1. Only helices (runs of 4 or more DSSP H) wholly contained in the stretch 695-792 count here; list those with 1 or more residues that are closer than 26 Å to residue 803 by Cα and either hydrophobic (A, V, I, L, M, F, W, C) or within 31 Å of the chain's Cα centre (by Cα) (or both).
2. Residues in the stretch 1-32 that are under 19 Å from the mean Cα position of the chain (by Cα) and either closer than 18 Å to residue 127 by Cβ or without any contact (Cβ under 8 Å) to a residue 40 or more places away in the chain (or both): how many?
3. Those residues that are outside any helix (DSSP H, G or I) and not polar (S, T, N, Q), I need them from the stretch 175-192; list them, please.
4. Would you confirm whether any residue within the stretch 316-325 is surrounded by fewer than 18 Cβ atoms within 10 Å (Cβ to Cβ) and in contact with a Cys (Cβ under 7 Å, 6 or more places away or on another chain)?
5. Between residues in the stretch 111-122 that are part of a helix (DSSP H, G or I) and residues that are of a type in the set (Ser, Thr, Tyr), which pairs lie under 7 Å by C-beta distance while being six or more apart or on different chains?
6. Out of the residues in the stretch 524-579 meeting the condition of being small (Gly, Ala, Ser) and modelled with pLDDT under 90, tell me which one is nearest to residue 514 (Cα to Cα).
7. So, residue 615, is that one surrounded by 15 or more Cβ atoms within 10 Å (Cβ to Cβ) and either of a type in the set (Ser, Thr, Tyr) or within 26 Å of residue 706 (Cβ to Cβ) (or both) or not?
8. Of everything in the stretch 699-734, what is farther than 20 Å from residue 661 by Cα and crowded, with 21+ Cβ neighbours inside 10 Å? Give them in sequence order.
Amino acid sequence: MEKKLMLIDGHSILNRAFYALPDMTNSQGLHTNAILGFLNIMFKFLDEEKPTHFAVAFDLKAPTFRHEMFKEYKGTRKPMPEELREQVPVIKDVLKAMDIPLMMEEGYEADDLLGTMSVVGEKEGYQVRIISGDRDLLQLATENVQIRIPKTKGGGNVVEDYFAKDVMEAYGVTPKEFIDMKALMGDASDNIPGIPGIGEKTAAKIIKEFKSIENAHEHIEDVMPKRAKNKLEEFYDQGVLSKELATIKLDCPIELSFEDAKINDIFTGEAYQLLKKLEFKSVLKKFEGEHGEEFSVDIRKVSNLDEADQIFTKAKKSQAAGLALYHEQDSTFLGLCTGGTEVFLFQTEGFLTDEYLMGQAGELYRLVPEVSMMDVKEFLNELSLSEEDRSIFDAALAAYLLNPLKSTYEYDDISRDYLGVLLPSKKELLDKRKSIFEQGELIPEGEQIIGYEAYVACACVEPLKKKLKETGMLSLYEEIEIPTMVALHDMEVRGIHVDRQALKQYGDQLVGRIEELKDLIYKEAGEEFNINSPKQLGVVLFEHMKLEGGKKTKTGYSTSVDVLEKIEHLYPIISYILEYRQLTKLKSTYADGLANYIGEDERIHGKFNQTITATGRISSTEPNLQNIPARVELGRAIRKVFLPEEGYTFVDADYSQIELRVLAHLSGDENLIHAYEMEQDIHARTASEVFGVPIDQVTSIQRRDAKAVNFGIVYGLSAFGLSQDLKITRKQAQEYIDKYFETYPKVKEYLNREVEKGKEEGFVTTMFQRIRPIPELKSSNFMQRNFGERVAMNSPIQGTAADIIKIAMIRVNMELKKRKLKSRLILQIHDELLIEAYDSEVEEVKEILTKEMMSAAKLSVPLSIDIHTGSSWYEAK
């Protein structure tokens, strides 16, 4: 049998994997992209080569330098990004757990160990394969030693393979001569200086003719071209040093024996557990037998009424239950787990009617202390649950609170993060199918999904509650998030009335103005073109019209809002284009888009999402009613199509400057608190201090600028950002910010304190203990860290404001229901609540809004609201 030795250049392949794959973290926040990429590359070559012996080489630590001058070069390598650095010890642990030997010798680089092992291996009769991204290793190629370099080409992965003859064919030099070629051309990535002005082609030509750098120097007069001759003569000593830097040692002391390097079973139990923690589902599939046994639930289908009665009777005496509910056409599918891995599956059949199954599920909520589901909001009506039901446990909502940065909170996410069990996701099980049903029937994979959901819902309650207690968020979950869920559900069910005719007229109005703007743009440009094409628009603006401020990219000129807004004040055409864009978006999103959402009851029943934003704010989708443009009157006018039903009036209440009031409370700044206690115009007060004028002499422009400063501070705005917003110099903007912090010194202290807290603890919290993790603060990327600092400043403020509006919304909704009023809460948009108030109840509704919103939280400054009424949302707003 042929003996084959495969060697991997550890750091080189790990580095390649890090930059090849997008940033990834596991649920514990550990970066994992380099580890996953390394393992994928390793398995690929193991499958291809099927080696008998295998080892991975790593630098142990900084090498001892073979020449004093080496320190100037090898010692100045760019430091490893922190996100990659933290993955190095982990990949070593994984390889050790797989019984794969590591070659690491103090004082020697991985290159030297690979070189020595390849020489020894070849002498011992092995075919040697070295996997590396470093072309330095081409010098090791022989008839029996092949260098394999994985790389990305044309968007795909390819491998360049080099025996000695392949090096000769590619570069025209032998592997040994390749060292001299490298010495001439240098290698910035490996800090080999080379000789200035000599590139790869010239270096190859010189070494092909003279065989070595020393021989070329001896025959310096024959070296061509003349420029290369002069450079070689001037920098010869640097070239000799570069050759020494580039030469790999072939005689290192290596303790690893070939017996140690023999491949055994790499799919060990220890490796399986490690990879589970890293959450590499794709890699775990390679494990077979006892280590790779897939977790499964025992699904028992129940179709007999007597058996179902017995199961539900027993379940009602449990301490906890997990439910999974699905509806398809006229059928209900219910998964029930009360402990262990047994899941009962019921579906509408015979005496097991929809009413029976939903009635039994509702009974469970009334009798079992803790009943958990993945998305309770969808079934609140059918289960007859309210804010006061303390048995409600929404697993996805709890998981969201514990880590609001994740994109999904499905059963597999929760199982992995809180039960330590890796389950196949819905997407994996369904493959390319979109539903768990086919022609109204539940498919086998659908049964698995319902089983997993019910099992996880039941099993996760205790670990999730424990974690909520540890983080101090249990009361936030029980007293704010669960009642919020009920309020959001109520709003979704009620919907908001839309006048179809008014919507059509609004669309016609937009079309009229869009056509006007088209003509104005064409007139200014002196030609007609496709305004919706960024490429054509860029050419017209920055080439044909020769406007200033053009930024050329690979695909043409950038015509982004940022670019255009900077020159809007200089050219009328830019204002027309920006308005045209807003109005065309309004037409597609609202004038055309809203019509698709109007139900048979002439109301839009949108979705309110509780687990999307990292700060705890509610988001609105299907349709999104939060992004109605406020700058353009035609944008604001969309609210005119939202009308109350006959006999009702809209009452709109929104908090006044809630984030600035929260900032005053959290910072404890006496000047800011005093301004609110005295009911001063906070923007005029700030303008007075920043611009040094009496408050009664503040101009509207100064107040506008001060407003930008006030809100900019809340969002961690930099001098550069403020200068862009106010179209002033960066120096002026910095002066404004400095003056602001002189006026409100404790605000600066507070913001700095939050950033430091974020760095130390990895997260910041709101007044109600809501956590906002900030992994960006540990990033090696300056822009990411800068973003993290802004998030640390803003999240406690914005998150606290979000918590306060949730509390107000809960209380208002509950009070309206408690008094059995016909008036109903129908919208929550940022800091605003919209009530469809029965005409005779308007004053009572105003009184409820005032009382509940102003007392939603106890701050060191008073909460203030503005209330308006109207016969449309536009009038009320």
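1. Working: elements: 700-714, 719-726, 730-743, 745-761.
In the stretch 695-792, the matching helices (runs of 4 or more DSSP H) lie at 700-714, 745-761.
2. So the first thing to find is which residues in the stretch 1-32 are under 19 Å from the mean Cα position of the chain (by Cα), and the list is 18-32.
Filter again for either closer than 18 Å to residue 127 by Cβ or without any contact (Cβ under 8 Å) to a residue 40 or more places away in the chain (or both), leaving 19, 21-22, 24.
Of the residues in the stretch 1-32, 4 are under 19 Å from the mean Cα position of the chain (by Cα) and either closer than 18 Å to residue 127 by Cβ or without any contact (Cβ under 8 Å) to a residue 40 or more places away in the chain (or both).
3. Here is the first cut: in the stretch 175-192, the ones outside any helix (DSSP H, G or I) are 186-187, 191-192.
Scanning the stretch 175-192 gives 186, 187, 192.
4. No, the stretch 316-325 contains no residue that is surrounded by fewer than 18 Cβ atoms within 10 Å (Cβ to Cβ) and in contact with a Cys (Cβ under 7 Å, 6 or more places away or on another chain).
5. 122/142
6. Within the stretch 524-579, the subset small (Gly, Ala, Ser) is 525-526, 533, 538, 549-550, 556, 558, 560, 575.
Then keep just the ones that are modelled with pLDDT under 90; that gives 549-550, 556, 558, 560.
Working: 549: 25, 550: 25, 556: 25, 558: 22, 560: 19 Å.
Once the filter is applied, the top-ranked residue is 560.
7. Values: surrounded by 15 or more Cβ atoms within 10 Å (Cβ to Cβ): yes; either of a type in the set (Ser, Thr, Tyr) or within 26 Å of residue 706 (Cβ to Cβ) (or both): yes.
It is true that residue 615 is surrounded by 15 or more Cβ atoms within 10 Å (Cβ to Cβ) and either of a type in the set (Ser, Thr, Tyr) or within 26 Å of residue 706 (Cβ to Cβ) (or both).
8. Step one: of the stretch 699-734, the residues farther than 20 Å from residue 661 by Cα are 699-702, 718-734.
722, 733, listed by residue number.
The values are calculated or read from the model by the stated rules, or taken from the named source; none is laboratory data. These numbers were taken from a predicted model, which means no experiment stands behind them. Heads up, the Cβs are rebuilt from the backbone with ideal geometry, glycines too, and the neighbour counts pull from every protein chain shown.
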